[in-house]
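The values are calculated or read from the model by the stated rules, or taken from the named source; none is laboratory data. From a predicted model like this one, the values you see are computed outputs, not experimental measurements. Because the Cβ atoms are built from the backbone with ideal geometry, glycine has one as well, and the counts that use them run over all protein chains shown.
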2 protein chains.
Amino acid sequence: MSDDNTDMIQPFSDEYFMKSAFQQAINAFEKKEVPVGAVIVSKNKIIARAHNLTEQLNDVTAHAEMQAITAAANHLGSKYLTKCTLYVTLEPCGMCAGGLAWSQIGRIVFGASDLNLGYRAINPKMLHPKTELIKGIMADESSALLKQFFQERRSDS
Amino acid sequence: MSDDNTDMIQPFSDEYFMKSAFQQAINAFEKKEVPVGAVIVSKNKIIARAHNLTEQLNDVTAHAEMQAITAAANHLGSKYLTKCTLYVTLEPCGMCAGGLAWSQIGRIVFGASDLNLGYRAINPKMLHPKTELIKGIMADESSALLKQFFQERRSDS
């Protein structure tokens, strides 16, 4: 492999799947939704894709993660996601962390930290004790997209 | 009014609406769901009724409160429930408390405490700071129904 390829994203890596979650966040942005996206992966395959839809559905519970949990459970025919990984562009809030805990999801990979509204500000032990946590994947891009969204919203109003 | 009426439930009291939430819990029990029920009230009118459906929907997010939030927002055409009261037979979990916080619900009245899985064990300040909290309404009945459910489930297995 040549040196040119050192920045290439490896298939099935966390960066690879986070790119799909980030694409979901862009889809949200284009619908004027707070741009947060998520995918759930089982056996190296994406089984659920979702992005925030709280405005369009007029429903505070329609966060990307909550929809992804429901879709993945539906796909698997099991309400427990012990062998799945959630990729989400922003640290989950308390509601989503609670839902993820109930799902017993195997791994969570999140992008940007949310120091104010993220679950760790409520209680860092909210997740299921068996859930592995990875953070900071594509954090800068996810954070920049959120900043752009809120800047545009402020200049609109 | 005669003395015979001292135990009568006053219309539009917290006990009155909690009775409807308890009826929802009984509906859940009859479907072999963990018996938790909820209603949301706006201007003395029930605008959402729901009970736990996690087994039937195969979805850990299908708690009574989450469904009630979605239904009430849909009814009102507003995702914020600042002038509403949620009645729920059991203390909300972290997921539901997080959803209720996002909804900015005006009041929460719950029945039985859940010392292990209730939101207060995670962080008692999870609710929205403006949400008024009342607890212990029909706590004994709600707790007894849950105990009966888990006893029957244990003897089934």
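Restricted to segment B:60-76, and to residues there that are buried (at least 22 other Cβ atoms within 10 Å of the Cβ) and facing chain A (nearest Cβ under 7 Å), the residue that is nearest to A:Leu57 (Cα to Cα) is B:Ala73. Considering only residues in segment A:77-101 that are facing chain B (nearest Cβ under 9 Å) and either within 21 Å of A:Ile26 (Cβ to Cβ) or of a type in the set (A, V, I, L, M) (or both), the one that is surrounded by the fewest Cβ atoms within 10 Å (Cβ to Cβ) turns out to be A:Ala101.
Within segment A:130-137, the presence of at least one residue that is within 14 Å of another protein chain (Cβ to nearest Cβ) and either more than 13 Å from the chain's Cα centre (by Cα) or modelled with pLDDT of 95 or more (or both) is confirmed. In segment B:8-26, the count of residues that are more than 9 Å from chain A (Cβ to nearest Cβ), of a type in the set (Asp, Glu) and farther than 23 Å from B:Phe150 by Cα is one or more. For segment A:76-98, a residue qualifies if it is more than 16 Å from A:His128 (Cβ to Cβ) and without any contact (Cβ under 8 Å) to a residue 12 or more places away in the chain, and exactly one does: A:Gly77.
When each of A:Thr70, A:Thr85 is tested for being at pLDDT 95 or above, within 16 Å of the chain's Cα centre (by Cα) and within 28 Å of B:Asn74 (Cα to Cα), the lone residue that passes is A:Thr70. For segment A:102-120, a residue qualifies if it is within 9 Å of chain B (Cβ to nearest Cβ) and in a helix (DSSP H, G or I), and the qualifying residues are A:Trp102, A:Ser103, A:Tyr119. Looking across segment B:56-93, the residues that are under 19 Å from B:Ala112 (Cα atoms) and in a helix (DSSP H, G or I) come down to B:Ala64, B:Glu65, B:Met66, B:Ala68. Of the listed requirements (1) of a type in the set (A, V, I, L, M, F, W, C); (2) part of a helix (DSSP H, G or I); (3) closer than 17 Å to B:Glu15 by Cβ, B:Leu133 misses just one: (2). B:Leu127 meets each of the listed conditions (1) assigned to a helix (DSSP H, G or I); (2) within 13 Å of chain A (Cβ to nearest Cβ); (3) surrounded by 18 or more Cβ atoms within 10 Å (Cβ to Cβ) apart from (1).
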